[in-house]
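As structure tokens, the structure follows; a few thoughts come after it.
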Amino acid sequence: MKKVKLIIVAVAMLSLASSSAVYADGFAPGEGLYLGAFGGSDMGIVQAKVVTNGETKDGCGAACTQTHAGGEFEQVDGGLGLNGATGGIMVGYGYRMGDLYAGLEGEHSWGDVKFKFKSSIPVELAGGGSEGGGKKGINGTNGDPTHTVDSIEATKEWTGGLFGRLGFYVNQDTLLAFKGGVLVSKFEAKVNGTPSYSEAYYGGGPSFGASLTSRVTSIDPNLSVRIGAVYTDYLTAAIYGIGGKVQENITSRSGHNSELTGAALSARIGIQYSFFDANTLF
């Protein structure tokens with residue numbers, strides 16, 4: 001009977017030691033150097049502001065002189081919505097201090113987040129710039145050439161940035177973390193019509209997020225699943241000159257000073273794997 005009890009105690013101690021070894025070999029969520037990947041959905045809003053200089057045309061007599069007053073046109077409520085799928089990678093390093101956590105993280109994502117306006121018939125615009133030095137007007141007379149638009153779209157092609165992270169461990173396997181930093185995005189704007197043109201714009205600003213990371217011990221003690229969201233407040237970007245040869249505002253001719261601003265929210269789910277801790281070197 002004593003031998004049976006000794007065997008039971010030995011097995012229990014061995015099981016406890018094995019369990020402790022698993023956790024000793026594994027990292028807490030977000031601890032050490034980790035790599036990860038994520039996917040999700042992005043949504044956002046774009047607001048525009050245009051300040052025109054007005055226009056004065058001279059050089060062809062009194063009958064040809066025209067004057068147009070300038071003004072300010074701004075979208076103050078609502079905006080143009082963007083939405084689409086996104087996916088990316090992340091790399092970071094985290095340090096556990098008891099129940100507290102601190103770390104750095106960088107991320108880069110790609111996607112198809114866009115807005116698009118489309119017309120079933122070409123929309124005719126007046127007042128475009130002269131192409132190739134020609135003076136053929138909308139109705140075939142002297143003036144600026146015909147400009148038409150079939151569709152307008154803008155796509156957020158990629159986003160990248162760096163964050164600082166702070167958090168605390170809810171339990172041995174779960175980390176609640178908050179992060180703040182800066183994200184920069186590349187936008188491709190396209191106008192399809194006569195003529196068609198496209199240009200790339202870069203916008204960025206302060207970004208904030210929150211995430212909940214849980215270790216998947218049953219598969220690997222270093223593997224974690226993360227869910228979270230990131231909000232970015234884009235700063236103002238000047239877009240004067242899209243589709244034209246002149247990229248600056250000239251007050252002595254017809255011109256405008258156009259700006260875009262907005263915000264984006266990204267909801268994502270992903271996995272990450274911790275594989276190195278600098279503390280093991282000391």
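If you check residue 182 against the conditions, is it in contact with a Pro (Cβ under 8 Å, 6 or more places away or on another chain), loosely packed, with under 15 Cβ neighbours inside 10 Å and either in contact (Cβ under 8 Å) with a residue 60 or more places away in the chain or farther than 30 Å from residue 121 by Cα (or both)? So residue 182 passes the test.
Scanning segment 241-258 for residues that are in contact with an Asp or Glu (Cβ under 9 Å, 6 or more places away or on another chain) and modelled with pLDDT of 55 or more yields 241, 242, 255. Entry remark, segment 189-221: residues being loosely packed, with under 15 Cβ neighbours inside 10 Å and among the acidic types (Asp, Glu) number 1 in total. For segment 162-211, the set of residues classified as over 13 Å from the mean Cα position of the chain (by Cα), among the β-branched types (Val, Ile, Thr) and at pLDDT 95 or above consists of 170, 174, listed by residue number.
Considering the conditions (1) modelled with pLDDT under 95; (2) in contact with a Gly (Cβ under 8 Å, 6 or more places away or on another chain); (3) among the hydroxyl-bearing types (Ser, Thr, Tyr), residue 218 is excluded by exactly one of them, (2).
Of the residues 265, 281, only one is farther than 30 Å from residue 147 by Cα, at pLDDT below 65 and of a type outside the set (S, T, N, Q); which?
Values: 265 fails: at pLDDT below 65.
One residue alone meets the criteria, 281.
Of the listed requirements (1) farther than 30 Å from residue 237 by Cβ; (2) at pLDDT below 95, residue 100 misses just one: (2).
Among the residues here, residue 169 does not qualify as out of contact with any Asp or Glu (no Cβ under 8 Å at 6 or more places or on another chain) and of a type in the set (Ser, Thr, Tyr).
The values are calculated or read from the model by the stated rules, or taken from the named source; none is laboratory data. This structure is a prediction, so every number in the text was calculated from the model and none was measured. Quick reminder, even Gly has a Cβ in these numbers, built from the backbone with ideal geometry, and neighbours come from all protein chains shown.
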